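Colleague: One structure coming up, written as structure tokens, with questions to follow.
The values are calculated or read from the model by the stated rules, or taken from the named source; none is laboratory data. Fair warning: this is a prediction, and the values are worked out from it, not measured in the lab. Note that we place each Cβ from the backbone using ideal geometry, even for glycine, and neighbour counts take in every protein chain shown. Just the protein is used for accessible areas: all its heavy atoms, side chains included, with ligands, DNA and RNA removed. Shrake-Rupley method; radii C 1.70, N 1.55, O 1.52, S 1.80 Å.
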Amino acid sequence: MNAPMPAPDPRRALPSVETMLQQMSDAVARYGHGEVSRAIRGVQAQLRQQLDHGRPALVADEVFSQRVEAELQARHQPTLRSVFNLTGTVLHTNLGRALLPAEAVAAMVAVATAPSTLEFDLAQGKRGERDKHVEALICELSGTEAATVVNNNAAAIFLVLNTLALGREVPTSRGELVEIGGSFRVPEIMARAGCHLVEVGTTNRTHLKDYAGAIGEHTALLMKVHTSNYRVEGFTHSVDEKALATLAHERRLPFVVDMGSGSLVDFAALGLPAEPTVAATVAQGADVITFSGDKLLGGPQCGIVAGRRELIERIRKNPLKRVLRLDKLNLAALAEVLKLYRNPATLKERLPTLRLLTRPLADIEAQARRVQPAIAAALGARFRLTVVPCHSLIGSGALPVETLPSAALEIAPLSGDDGELRSLAAALRGLPLPIIGRLSSGRLLLDCRCLESEGDFLVQWIALPEALT
């Protein structure tokens, strides 16, 4: 009796690498021969493992090529991606802070795709200074004599201290020894900059006499740090800029102010919580002022140093300036953002940061109710969806205790299962254009203040039911 023929090995049905390379010529042209070959071998390995464990696998060429294409797309998906910021924090550090206006984006594209006058003086036909692209604008808007720019405000503070206080003492109030995100601490920055911190006053109360008593022969300057990400309230006292400037100048010392966020316009006039402006601080007697470009100013990431010409020139000549200098893309963007401030009448509409911060509550509520039916349909019967009042934060350490009234889509699982809610949040993060909200007390809140591309937002929810399965 003849023995039964052994069943054919299903792994032999897998298409070969050469076969798939020939069929996927478009992908080879797009990604390269080696990259497509690696993806094909990867899919082969996945299917072999599946078959080895007795699980059926579709190995037809068309299905195989679809899996390879999906693998290639996943490998080439950028990790720096656009998202919907519905966290309720407008200037969200982890989500890129300020959005740039169209004028700034166009300027970045222009200098990125052609040679530019980054460090070339057209009038003289020789090497130029990159700060010149923004210095006059900064001085015009801040009321200072000179300015320079570096890659962020932490770098600005570091460069100022390393230039003006190297090996010397800097009296600073204990209540201003701030720590911000990313473990930036004023005492550590001072130490790295090569100067010596002299703590004055107490956490909640510092007086002018405390500064005066700390000044000695080794004192380099007086410094005030804006406590941008917290506020001490109650039995408190701090010394204002004008009094500190007067004391510094009486003792022939520079007075440096780190403003942190740095606003160029009167926020109170826009119906927002009041925040000191750069020009007002300069008018109080600050000799050097530092602030961020990508927070309240609404521009690209950078640190701005402005003040007396003699001091700025010293700072500019520090060898570390080259280490910390700003690149051409951000310089181009910053210049265009600063130009918008020349026309206050249109600033709210043209600068995304101010547009979002001043967005009327009625508009936000109407939008939330407008998108509610489509989102409820996508969520199905497992979740309850309601429109609720909430409060947005300005973010990035700016005005930390102030909030803005807003409206949110509140999603809660009918089962009360927190795991279901977390799975939903993960599914929203996995959408083609991820949606980022905030989990709070057994609910997912999607604050609509920063929701501008409503059509694109609704399209994402079409894929949600499949993502939740």
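Colleague: Just give me the residues in the stretch 22-32 being hydroxyl-bearing (S, T, Y) and in contact (Cβ under 8 Å) with a residue 12 or more places away in the chain, in sequence order.
Modeller: Applying the first criterion (hydroxyl-bearing (S, T, Y)) to the stretch 22-32 yields 25, 31.
Hit for the stretch 22-32 is Y31, nothing else.
Colleague: A follow-up question, please. Does the stretch 244-254 contain any residue that is farther than 20 Å from L338 by Cβ and in contact (Cβ under 8 Å) with a residue 60 or more places away in the chain? It would help to see each step written out before you state the result.
Modeller: In the first step, residues of the stretch 244-254 are kept if they are farther than 20 Å from L338 by Cβ; the result is 244-254.
This time we only want the ones that are in contact (Cβ under 8 Å) with a residue 60 or more places away in the chain, so: 254.
Yes, the stretch 244-254 has at least one match.
Results for (1) open to solvent by less than 40 Å² (accessible area, probe 1.4 Å); (2) touching a Ser or Thr at 6+ places or on another chain (Cβ under 9 Å), shown as yes or no for each residue.
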position: L357; (1), (2): yes, yes
position: P360; (1), (2): no, no
position: Q372; (1), (2): no, yes
position: S392; (1), (2): yes, yes
position: T403; (1), (2): no, yes
position: S423; (1), (2): no, no
position: G430; (1), (2): no, no
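Colleague: Can I ask one more? Enumerate the helices (runs of 4 or more DSSP H) found wholly within the stretch 33-126, keeping only those where 1 or more residues are touching a residue at least 60 places away in the same chain (Cβ under 8 Å), in contact with a helix residue (DSSP H, G or I) (Cβ under 8 Å, 6 or more places away or on another chain) and open to solvent by 40 Å² or more (accessible area, probe 1.4 Å).
Modeller: Working: elements: 33-52, 61-75, 102-112.
Fully inside the stretch 33-126 and qualifying: 102-112.
Colleague: From (1) under 30 Å from V90 (Cβ atoms); (2) in contact with a Ser or Thr (Cβ under 9 Å, 6 or more places away or on another chain); (3) open to solvent by less than 20 Å² (accessible area, probe 1.4 Å); (4) in contact (Cβ under 8 Å) with a residue 40 or more places away in the chain, pick out the condition that doesn't hold for M259.
Modeller: (4)
Colleague: Would you check if there is a residue in the stretch 252-266 being polar (S, T, N, Q) and either modelled with pLDDT of 95 or more or more than 20 Å from N152 (Cα to Cα) (or both)?
Modeller: Step one: of the stretch 252-266, the residues polar (S, T, N, Q) are 261, 263.
Within this subset, residues satisfying the condition of being either modelled with pLDDT of 95 or more or more than 20 Å from N152 (Cα to Cα) (or both) are none.
No, every residue in the stretch 252-266 fails to be polar (S, T, N, Q) and either modelled with pLDDT of 95 or more or more than 20 Å from N152 (Cα to Cα) (or both).
Colleague: Something else: Test R382 against the stated conditions and say whether it is open to solvent by 40 Å² or more (accessible area, probe 1.4 Å), of a type in the set (K, R) and modelled with pLDDT under 95. If you could, list the steps in order and put the result at the bottom.
Modeller: Values: open to solvent by 40 Å² or more (accessible area, probe 1.4 Å): yes; of a type in the set (K, R): yes; modelled with pLDDT under 95: yes.
Judged against the criteria, R382 is a match.
Colleague: Here is a follow-up. Exactly one of these conditions fails for A191: (1) open to solvent by 20 Å² or more (accessible area, probe 1.4 Å); (2) in contact (Cβ under 8 Å) with a residue 24 or more places away in the chain; (3) not basic (K, R). Give me its number.
Modeller: Here A191 meets the rest and fails (2).
Colleague: Among (1) more than 28 Å from the chain's Cα centre (by Cα); (2) outside any loop (DSSP other than H, G, I, E, B), there is one condition L253 misses while meeting the rest; what is its number?
Modeller: It fails just one condition, (2).
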